[in-house]
1. Provide a single number: the residues in segment 56-87 that are open to solvent by less than 90 Å² (accessible area, probe 1.4 Å) and assigned to a loop (DSSP other than H, G, I, E, B).
2. With respect to LEU36, determine if the residue is surrounded by fewer than 20 Cβ atoms within 10 Å (Cβ to Cβ) and within 17 Å of PHE109 (Cβ to Cβ).
3. Looking at SER47, SER105, SER58, which one is out of contact with any helix residue (DSSP H, G or I) (no Cβ under 9 Å at 6 or more places or on another chain) and either closer than 15 Å to LEU3 by Cα or among the small types (Gly, Ala, Ser) (or both)?
4. Report, by residue number, each residue of segment 88-100 that is over 16 Å from ALA8 (Cα atoms), open to solvent by 40 Å² or more (accessible area, probe 1.4 Å) and at pLDDT 95 or above.
5. Select, from GLY5, GLY42, the only residue that is within 29 Å of PRO114 (Cβ to Cβ) and within 12 Å of the chain's Cα centre (by Cα).
6. Scan segment 1-11 residue by residue and report those that are open to solvent by 30 Å² or more (accessible area, probe 1.4 Å) and either assigned to a loop (DSSP other than H, G, I, E, B) or touching a residue at least 60 places away in the same chain (Cβ under 8 Å) (or both).
Amino acid sequence: MELTGDDAGSGVARIDIGAQHQNPNGVVHGAVLFALVDTAMGKATMSVIDEPDTYCASVEVSLRFIRPAASGSLVATAEVVKRGRNLVHLEARVVGEEDRLIATSSGTFAIIRP
């Protein structure tokens, strides 16, 4: 998985689909999509935290599967919807080849302080 994007409030995760990402039906396993959005959301969350020694953790992530993907690459783009004192709310989209929508997601991350 490759992380890109340096804009505050966003995170991008990309993966090239291989046989190891597919379920027995020959399409990308849902856990791969979950890992992709969770990682993109974590990057987006950390981009709005500027306190030293502070990190984040997933509290809740919801994933809606739109269509299967079997080959090519997948890109998850996450955006911060709202940053509060202790929680960050996010939305994400996963697209495949030709920008076809594969999944959508929403999530909440906790801001963990020392």
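The values are calculated or read from the model by the stated rules, or taken from the named source; none is laboratory data. Only a predicted model underlies this, so the values are computations on that prediction, with no experimental measurement involved. Ideal geometry is used to build each Cβ from the backbone, glycine not excepted, and the neighbour counts take in all protein chains shown. We work out accessible area using only protein heavy atoms, side chains counted, and drop any ligands, DNA or RNA first. Shrake-Rupley method; radii C 1.70, N 1.55, O 1.52, S 1.80 Å.
1. 8
2. Numbers: surrounded by fewer than 20 Cβ atoms within 10 Å (Cβ to Cβ): no; within 17 Å of PHE109 (Cβ to Cβ): yes.
For LEU36, the condition - surrounded by fewer than 20 Cβ atoms within 10 Å (Cβ to Cβ) and within 17 Å of PHE109 (Cβ to Cβ) - is not met.
3. Working: SER105 fails: out of contact with any helix residue (DSSP H, G or I) (no Cβ under 9 Å at 6 or more places or on another chain); SER58 fails: out of contact with any helix residue (DSSP H, G or I) (no Cβ under 9 Å at 6 or more places or on another chain).
Step by step, each of SER47, SER105, SER58 is checked, and only SER47 is out of contact with any helix residue (DSSP H, G or I) (no Cβ under 9 Å at 6 or more places or on another chain) and either closer than 15 Å to LEU3 by Cα or among the small types (Gly, Ala, Ser) (or both).
4. Of segment 88-100, the ones over 16 Å from ALA8 (Cα atoms) are 93-100.
Checking which are open to solvent by 40 Å² or more (accessible area, probe 1.4 Å) leaves us with 93, 97-100.
Result: ARG93, ASP99, ARG100.
5. Result of the check over GLY5, GLY42: GLY42.
6. Within segment 1-11, the first condition is being open to solvent by 30 Å² or more (accessible area, probe 1.4 Å), and the residues that meet it are 1-8.
Listed by number, the residues that qualify are MET1, GLY5, ASP6, ASP7, ALA8.
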